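Trainee: Pasting a structure here, questions to come.
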Amino acid sequence: MEVGLVGLGNMGSGIAKSLLRAGHRVTAYNRTRSHLDALVSDGVKPAATPADACHGDAVLTMVADDSAVEAVVFGSSGVLSALPKGGLHVSLGTISVSLSDRLAAAHSNAGQQFVAAPVFGRPDAAEAAKLAVVAAGPSAAIERCRPLFEAMGPKLLVVGEKPSLANVVKLTGNFLIASVLESLSEAIAFARKSGVDPTVLLDFLTSTLFNAPVYKTYGGLIVEGKYEPAGFAVPLGLKDVRLVLQAAEAQSVPMPLASVIRDRFITAIARGNQHSDWSVLGRIAAEDAGLPAAKTDGA
């Protein structure tokens, strides 16, 4: 397929490479030109504006937050004004439920199609085509996108025709990951201060009761203190938890644990960890317990 891609950060760059390996032709735009130039040798065709990436079978957006999506979609030379009738916009990033609804309405009013398809996975999974995709939108549009989703990873969940349902699933998943980060951080701090080797503890837990990638991956980062470089930075984690709380409040659903985790991310930023991976909650729990840095923490 001929596709446009707006956003070449840690995730977008990996997705671009996966699409190219699968034989798709990619025209991309990125606000920071150096990220785009780095992919030209891989076969990416550069676009000067988001609008210039909107002339293929679909345009994908993978940018950091709601304001960035609004800028590339509704702004000057944006996606909304450039897509033709019947054109397709696929949002891959983690955005608010309310913005997803707004995008669906705006594209519908313009005679275009919109699919929300946020992805689960870290940057290495994006580059290795091992992402999990959660999609929602018109069924015909999702079928048009299926070759693109298959190029990104082996798992696709279609949750319905209302695009924002996919965003609800994505926010639910990120809330659960953040909850695991906080509980792992507290548990490992408790074990360390009590004299238990956290490496031995983690190996036991992840080979028995908690044999899941999220515990193994993030538990390993916390035990080793490997918070830099960030696969998913703290401000993005804070943004996602805020989006969860916003969407939950709109549905009159209390989420007290999400409120606690929001404050933990704020604490992490207040202590100068804004460029660290969101698993840096392990450092916050250790500091609160009066513990020295973990093995490589701060190195």
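Trainee: Send over the semi-axes of the stretch 48-99's equivalent ellipsoid, whole angstrom and largest first, taken as the square roots of 5 times the C-alpha gyration tensor eigenvalues.
Mentor: Details: eigenvalues 62, 28, 18 Å².
Each semi-axis is the square root of five times an eigenvalue, giving 18, 12, 10 Å.
Trainee: Could you order the peptides 13-21, 127-135 from most to least packed, using the average number of other C-beta atoms within 10 Å per residue? Mind dumping the intermediate values first?
Mentor: On the way: 13-21: 22.3, 127-135: 20.4.
Going from most to least packed, we get 13-21, 127-135.
Trainee: Farthest toward the dipole's positive end in the stretch 2-162, which of HIS89, ALA136, MET152, given Cβ charges of +1 (Lys, Arg) and -1 (Asp, Glu) about the Cα centre?
Mentor: Checking the options against the dipole of the stretch 2-162, the answer is MET152.
Trainee: Any idea what the dipole of the chain comes to, in debye rounded to 20, about its Cα centre with Lys/Arg Cβ at +1 and Asp/Glu Cβ at -1? Don't jump to the answer; show the numbers that get you there.
Mentor: On the way: 26 positive and 27 negative charges, 56 e Å.
It works out to roughly 260 debye.
Trainee: Another question, if that's okay. Which residues in the stretch 11-29 place their backbone N less than 15 Å from a point set 7 Å from the Cα of VAL40 along the Cα-to-Cβ direction?
Mentor: Answer for this model: 27-29.
Trainee: Below 26 Å, Cα to Cα, which lysines can LYS162 reach? Residues fewer than 8 away in the same chain don't count.
Mentor: LYS85, LYS130, LYS170, LYS239
Trainee: Note down, for the stretch 141-217, the three equivalent ellipsoid semi-axes (square root of 5 times each alpha carbon gyration tensor eigenvalue), biggest first, whole angstrom.
Mentor: Numbers: eigenvalues 267, 43, 13 Å².
Here the semi-axes work out to 37, 15, 8 Å.
Trainee: Enumerate the aspartates and glutamates that LYS216 could reach by cross-link, defined here as Cα to Cα under 14 Å, with residues fewer than 8 away along the same chain left out.
Mentor: Partners within reach: ASP203, GLU224.
Trainee: Semi-axes, largest first, in whole Å: what does sqrt of 5 times each Cα gyration tensor eigenvalue give for the chain?
Mentor: Working through the eigenvalues yields semi-axes of 36, 20, 17 Å.
Trainee: Principal axes first, then extents: for the Cα atoms of the stretch 2-162, list largest minus smallest coordinate on each axis, whole Å, largest first.
Mentor: 38, 34, 25
Trainee: Using the per-residue mean of other Cβ atoms lying within 10 Å as a proxy for protection, in what order, highest first, do the peptides 175-187, 154-166 fall?
Mentor: 175-187, 154-166
Trainee: Inverting the mean 1/r over all pairs of different Cα atoms, compute the Kirkwood radius of the stretch 168-288 and quote it in Å.
Mentor: Values: mean 1/r = 0.0686 Å⁻¹.
Taking every pair of different Cα atoms in the stretch 168-288, averaging 1/r and inverting gives 14.6 Å.
Trainee: For the pair SER183 and THR49, how long in nm is the line joining their label points, each one 7 Å along Cα→Cβ?
Mentor: 4.9
Trainee: Compute the signed sum of charges (Lys and Arg +1, Asp and Glu -1) over the other residues within less than 12 Å, Cβ to Cβ, of MET11. Write out the running numbers ahead of the final one.
Mentor: Numbers: positive: LYS17, ARG122; negative: ASP124, GLU127.
Taking every other residue near MET11 into account, the sum is 0.
Only the coordinates and a few stated rules stand behind these numbers; no lab work does. Keep in mind it's a predicted model, so treat the numbers as computed, not measured. Cβ coordinates were reconstructed from backbone atoms using ideal geometry, including for glycine residues, and neighbour counts include every protein chain displayed.
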